[in-house]
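*Asks:* Please see the structure below; I have some questions.
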Amino acid sequence: MENQNVIYGINGPVVTVKNARSFSMMEMVFVGHERLVGEIIGINDKFTTIQVYEETTGLTLGEPIYGTGSPMNVTLGPGIMSNIFDGIERPLKEIAKESGTFINRGSTASALDEEKLWDVTLKVQVGDTLKSGDVYAEVPETLSVLHKCMLTPLIPTATVTKVMPNGQYKVHDTVVEVEDANGKKHELTLCQRWPIRNARPVSKRTTSTVPLITGQRIQDALFPITKGGTACIPGAFGSGKTMTQHQLAKWCDADIIIYVGCGERGNEMTQVLEEFAELIDPRTNRLLTDRTVLIANTSNMPVAAREASIYTGITLAEYYRDMGYHVAMMADSTSRWAEALREMSGRLEEMPGDEGYPAYLASRVADFYERAGRVICNGHDGREGALTAIGAVSPPGGDISEPVSQATLRIVKVFWKLDYDLSYKRHFPAINWLDSYSLYQDKIDKFIDHEVSSEFSKNRQEAMSLLQEESALQEI
């Protein structure tokens with residue numbers, strides 16, 4: 001039967017289809033003969049609107065649209081660590097082998113290496129009852145990370161009916177078979193898929209009082225962040241946002257680092273790749289890349305994929321959090337992400353809000369940061385995990401009264417304000433100690449006074465009063 005769903009209109013990365021009845025909202029689709037990745041973002045009685053995550057140059061009217069029946073999702077399994085992905089989880093190293101320096105449109109490279117054999121240790125037996133989040137297999141993913149294969153949240157409970165012996169398996173090999181409460185059988189492999197726009201469920205959210213040690217004295221002593229907290233780093237061009245995030249990624253005491261370069265310059269991402277490949281992890285004396293994932297979506301890549309890259313990053317971070325790890329995610333920068341939202345909104349002819357940003361900007365920013373936190377993970381063992389989200393904001397001219405900065409400030413609890421004058425004096429990190437603040441301060445003071453030294457909070461307050469006095473004296 002001939003495909004009746006064909007391209008009716010093309011406006012940059014936005015494609016419309018007329019009289020389509022088979023698509024659902026947020027469904028992932030393939031566009032045109034080259035099968036470009038897209039997502040349904042609007043449906044009405046006449047037209048279906050598709051956001052295409054690749055360059056649409058050369059697409060013509062009448063080319064077919066193929067539905068997948070599932071939302072935009074990522075593959076989660078062994079092989080994510082140490083990898084470099086683009087905004088929709090395509091592995092850039094594999095694409096480079098296929099097509100050289102530039103990404104071919106419609107690339108079909110699998111997110112995970114499907115041929116690599118992993119050493120698998122099974123953790124269940126026939127007859128065991130599993131609930132979502134329970135670990136059924138363990139894989140040494142790198143020398144620093146033990147990967148835990150968990151029952152997907154899509155299966156609430158299941159009974160184990162078959163277990164393969166310990167040994168070497170590929171990511172798509174079946175290692176366990178289960179039967180759910182409805183009698184339906186499921187084959188469990190080493191990987192699972194999850195929609196990027198849906199937060200992964202947890203058993204319980206808890207309040208964190210344990211500080212994330214960043215390795216930067218001004219942040220740890222004066223403006224600390226908890227494990228599972230949220231922070232933003234606003235600053236003008238050249239004030240050191242990217243440098244500050246690099247330092248956090250290198251030296252903070254998180255178990256896993258997810259670094260998302262969202263709309264930044266290509267040379268900055270190259271610098272990250274080169275530096276991280278050489279750095280030795282102070283915790284393990286092995287390569288830092290053993291516990292780092294990089295998502296590179298530079299400013300010259302398609303704008304729609306830039307919007308998706310933040311969600312891809314936070315979904316990978318949630319997956320490792322569910323294993324019981326503490327994950328720190330760096331988003332550099334959420335302003336470029338917001339600009340992608342603005343461009344897509346303009347293409348869709350939506351009513352603009354403040355400074356042309358869409359009216360839903362604040363809710364999208366809140367949705368992103370609300371996925372951070374310290375949690376009791378799903379599963380019988382009650383393991384704890386935490387996800388810390390740290391986003392850079394690039395306000396034009398350093399003016400934080402603009403919409404992205406204000407929407408971010410309303411939701412995050414730590415504000416590390418970068419000062420261009422300090423960076424001009426080569427004072428790094430260029431955090432202004434009068435404009436910055438941390439709303440976690442009281443909780444962390446109690447923790448450190450109890451665990452480290454009863455003098456800590458008193459000394460910190462004394463240091464802050466001295467810095468304020470210095471500022472007053474400089475004005476005289």
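*Asks:* In the range 51-67, is there at least one residue being touching an Asp or Glu at 6+ places or on another chain (Cβ under 6 Å) and either among the charged types (D, E, K, R) or closer than 29 Å to GLU275 by Cα (or both)?
*Replies:* no
*Asks:* How many of the residues making up the range 295-318 are open to solvent by 10 Å² or more (accessible area, probe 1.4 Å) and not small (Gly, Ala, Ser)?
*Replies:* 7
*Asks:* Sticking with this structure for a sec: Could you tell me whether any residue of the range 159-167 is outside any strand (DSSP E or B), open to solvent by 40 Å² or more (accessible area, probe 1.4 Å) and among the hydrophobic types (A, V, I, L, M, F, W, C)?
*Replies:* yes
*Asks:* Pairs, please: C-beta under 8 Å, at least 6 apart or cross-chain, first residue closer than 19 Å to MET344 by Cα and open to solvent by less than 40 Å² (accessible area, probe 1.4 Å) and in the range 53-71, second of a type in the set (A, V, I, L, M) and in a loop (DSSP other than H, G, I, E, B)?
*Replies:* Between residues of the range 53-71 that are closer than 19 Å to MET344 by Cα and open to solvent by less than 40 Å² (accessible area, probe 1.4 Å) and residues that are of a type in the set (A, V, I, L, M) and in a loop (DSSP other than H, G, I, E, B), the close pairs are TYR53/ILE88.
*Asks:* Of GLY229, GLY235, GLY215, which residue is open to solvent by 10 Å² or more (accessible area, probe 1.4 Å), in contact (Cβ under 8 Å) with a residue 24 or more places away in the chain and not aliphatic (A, V, I, L, M)?
*Replies:* Numbers: GLY229 fails: open to solvent by 10 Å² or more (accessible area, probe 1.4 Å); GLY235 fails: open to solvent by 10 Å² or more (accessible area, probe 1.4 Å).
GLY215 is the lone residue from the list that is open to solvent by 10 Å² or more (accessible area, probe 1.4 Å), in contact (Cβ under 8 Å) with a residue 24 or more places away in the chain and not aliphatic (A, V, I, L, M).
*Asks:* Only one of these conditions is not met by ALA328: (1) in contact (Cβ under 8 Å) with a residue 12 or more places away in the chain; (2) open to solvent by 10 Å² or more (accessible area, probe 1.4 Å). Which number is it?
*Replies:* (2)
*Asks:* State all residues of the range 372-411 that are touching a helix residue (DSSP H, G or I) at 6+ places or on another chain (Cβ under 6 Å), assigned to a loop (DSSP other than H, G, I, E, B) and not polar (S, T, N, Q); if no residue qualifies, say none.
*Replies:* Once the filter is applied, which keeps residues that are touching a helix residue (DSSP H, G or I) at 6+ places or on another chain (Cβ under 6 Å), assigned to a loop (DSSP other than H, G, I, E, B) and not polar (S, T, N, Q), the range 372-411 yields CYS377, PRO395, ILE411.
*Asks:* Identify all residues within the range 347-374 that are open to solvent by 50 Å² or more (accessible area, probe 1.4 Å) and either in contact (Cβ under 8 Å) with a residue 40 or more places away in the chain or more than 25 Å from ILE390 (Cα to Cα) (or both); write none if there are none.
*Replies:* Of everything in the range 347-374, those that are open to solvent by 50 Å² or more (accessible area, probe 1.4 Å) and either in contact (Cβ under 8 Å) with a residue 40 or more places away in the chain or more than 25 Å from ILE390 (Cα to Cα) (or both) turn out to be ARG347, LEU348, GLU349, GLU350, MET351, PRO352, ASP354, GLU355, GLU370, ARG374.
*Asks:* Might you check whether a residue that is open to solvent by less than 20 Å² (accessible area, probe 1.4 Å) and not in a strand (DSSP E or B) occurs anywhere in the range 114-123?
*Replies:* no
*Asks:* Only one residue in HIS172, HIS147 is within 23 Å of LEU117 (Cα to Cα) and assigned to a strand (DSSP E or B). Which one?
*Replies:* So the residue among HIS172, HIS147 that is within 23 Å of LEU117 (Cα to Cα) and assigned to a strand (DSSP E or B) is HIS147.
*Asks:* A follow-up question, please. For the range 168-225, which positions are basic (Lys, Arg), under 21 Å from the mean Cα position of the chain (by Cα) and under 26 Å from MET28 (Cα atoms)?
*Replies:* ARG193, ARG197, ARG200, listed by residue number.
*Asks:* Inspect the range 133-153 for any residue being in contact with a helix residue (DSSP H, G or I) (Cβ under 9 Å, 6 or more places away or on another chain), of a type in the set (Lys, Arg) and open to solvent by 40 Å² or more (accessible area, probe 1.4 Å) and give the result as yes or no.
*Replies:* Scanning the range 133-153 turns up at least one residue that is in contact with a helix residue (DSSP H, G or I) (Cβ under 9 Å, 6 or more places away or on another chain), of a type in the set (Lys, Arg) and open to solvent by 40 Å² or more (accessible area, probe 1.4 Å).
*Asks:* If you check LEU434 against the conditions, is it more than 30 Å from LEU130 (Cβ to Cβ) and assigned to a helix (DSSP H, G or I)?
*Replies:* no
*Asks:* If you don't mind, another one. Just to be sure before I move on: is VAL31 β-branched (Val, Ile, Thr), open to solvent by less than 20 Å² (accessible area, probe 1.4 Å), closer than 26 Å to LYS93 by Cα and free of Cβ contacts under 8 Å to residues at least 60 places away in the same chain in the structure I sent?
*Replies:* Against the criterion (β-branched (Val, Ile, Thr), open to solvent by less than 20 Å² (accessible area, probe 1.4 Å), closer than 26 Å to LYS93 by Cα and free of Cβ contacts under 8 Å to residues at least 60 places away in the same chain), VAL31 qualifies.
*Asks:* How many of the residues in the range 382-421 are of a type outside the set (Val, Ile, Thr) and either farther than 25 Å from ILE258 by Cα or touching a Leu at 6+ places or on another chain (Cβ under 6 Å) (or both)?
*Replies:* The number of residues fulfilling the criteria is 12.
*Asks:* Looking at the range 230-279, which of the residues that are under 18 Å from SER299 (Cβ atoms) and charged (D, E, K, R) is modelled with the lowest pLDDT?
*Replies:* GLU268
*Asks:* Six or more apart or on different chains, Cβ under 9 Å: which pairs go from a residue in the range 85-111 that's outside any loop (DSSP other than H, G, I, E, B) to one that's of a type in the set (D, E, K, R) and buried (at least 20 other Cβ atoms within 10 Å of the Cβ)? Could you list them?
*Replies:* Cβ pairs passing all conditions: LEU92/ASP86; ILE95/ASP86.
*Asks:* Still on this structure, I have one more. Among the numbered conditions (1) of a type in the set (Lys, Arg); (2) part of a helix (DSSP H, G or I); (3) open to solvent by less than 40 Å² (accessible area, probe 1.4 Å), tell me where LYS446 comes up short.
*Replies:* For LYS446, the failing item is (3).
*Asks:* Give all pairs with beta carbons closer than 8 Å in which a residue from the range 192-207 that is in contact (Cβ under 8 Å) with a residue 12 or more places away in the chain meets a residue that is acidic (Asp, Glu); count only pairs at least 6 apart in sequence or on separate chains.
*Replies:* Pairs found: ALA199/GLU318; ALA199/GLU370; ARG200/GLU318; ARG200/ASP322; VAL202/ASP322; THR206/GLU384.
*Asks:* All but one of (1) modelled with pLDDT of 95 or more; (2) among the aliphatic types (A, V, I, L, M); (3) not in a strand (DSSP E or B) hold for VAL178; which doesn't?
*Replies:* All conditions pass for VAL178, except number (3).
*Asks:* If you take the residues in the range 247-269 that are closer than 15 Å to ARG291 by Cα and open to solvent by 10 Å² or more (accessible area, probe 1.4 Å), which one is nearest to the chain's Cα centre (by Cα)? Outline the logic, then answer.
*Replies:* First, pick out the residues of the range 247-269 that are closer than 15 Å to ARG291 by Cα: 248-260.
Retained after the next criterion (residues that are open to solvent by 10 Å² or more (accessible area, probe 1.4 Å)): 250-251, 253, 255.
Numbers: LYS250: 17, TRP251: 19, ASP253: 18, ASP255: 15 Å.
The qualifying residue nearest to the chain's Cα centre (by Cα) is ASP255.
*Asks:* Can you pull out every residue in the range 270-293 that is under 17 Å from the mean Cα position of the chain (by Cα) and open to solvent by 10 Å² or more (accessible area, probe 1.4 Å)? Step through it out loud before you land on a result.
*Replies:* Initially, the range 270-293 is screened for residues under 17 Å from the mean Cα position of the chain (by Cα), giving 272, 289, 291-293.
Of everything in the range 270-293, just one residue is under 17 Å from the mean Cα position of the chain (by Cα) and open to solvent by 10 Å² or more (accessible area, probe 1.4 Å), namely THR289.
*Asks:* Moving on to the next point. ASN432: among the polar types (S, T, N, Q), closer than 24 Å to ARG197 by Cβ and either touching a Pro at 6+ places or on another chain (Cβ under 8 Å) or open to solvent by less than 50 Å² (accessible area, probe 1.4 Å) (or both), yes or no?
*Replies:* In short, no.
The values are calculated or read from the model by the stated rules, or taken from the named source; none is laboratory data. Worth saying up front: this structure is predicted, and the values here are computed from it rather than measured. All Cβ positions, even for glycine, are placed from backbone atoms using ideal geometry, and neighbour counts span all protein chains on display. Note: accessible area is taken over every heavy atom of the protein model, side chains too, but ligands, DNA and RNA are not part of it. Shrake-Rupley method; radii C 1.70, N 1.55, O 1.52, S 1.80 Å.
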